[in-house]
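First the structure, in the form of structure tokens, and then the observations on it.
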Amino acid sequence: MPVNGRKRMVTITINKNQYLAEEGEIFLLTAMRLKIDIPHLCYEKALDPYGSCRLCMVEVVTCGKTEMTPACTIKVHNGLEILTDTPEVIKHRNILFELYLAEAPKSEVIKEMAAKYGVTKTRFLKKIVHD
């Protein structure tokens, strides 16, 4: 809740490190401001916001258990704990990059982003339907 027009600052944990963040802010925006690298398309300058790319998946830790959730749907709250680069998250991200490379093989945005995360080719083929 804002106090005197200012956002309330809360403590969150990202990859085992603690940070102060604005309560209620979208976690992906917090991570971007903190220079924590999470791939995403919803704030990509070259694309319109769509909100379903799922590249920004992270693991939310609750009572010792984790659940994968898109970072663009999480609102910051006190005690929030996030892991951004677990083996499960990386596997999910790499499969999505391969799928996006198959779907848009000429997209420089997709190719550059995928390469940044080590994905330069895809095992998936896009099926072309002819009339």
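The values are calculated or read from the model by the stated rules, or taken from the named source; none is laboratory data. For clarity, every value in this text was computed on a predicted model and none was experimentally measured. Cβ coordinates were reconstructed from backbone atoms using ideal geometry, including for glycine residues, and neighbour counts include every protein chain displayed.
Figures for the structure shown
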| quantity | calculated |
| --- | --- |
| Some residue of the stretch 54-61 being farther than 21 Å from E22 by Cα, at pLDDT below 95 and surrounded by 13 or more Cβ atoms within 10 Å (Cβ to Cβ) | yes |
| The stretch 78-99, residues that are in contact (Cβ under 8 Å) with a residue 40 or more places away in the chain and either surrounded by 14 or more Cβ atoms within 10 Å (Cβ to Cβ) or charged (D, E, K, R) (or both) | L80, E81, I82, L83, T84, D85, R93, L96, F97 |
| Leading residue by the ranking (surrounded by the most Cβ atoms within 10 Å (Cβ to Cβ)) among those in the stretch 1-50 that are of a type in the set (S, T, Y) and at pLDDT below 95 | Y43 |
| Residues satisfying the stated conditions in the stretch 104-128, i.e. modelled with pLDDT under 95, of a type in the set (A, V, I, L, M) and in a loop (DSSP other than H, G, I, E, B) | A104, L125, I128 |
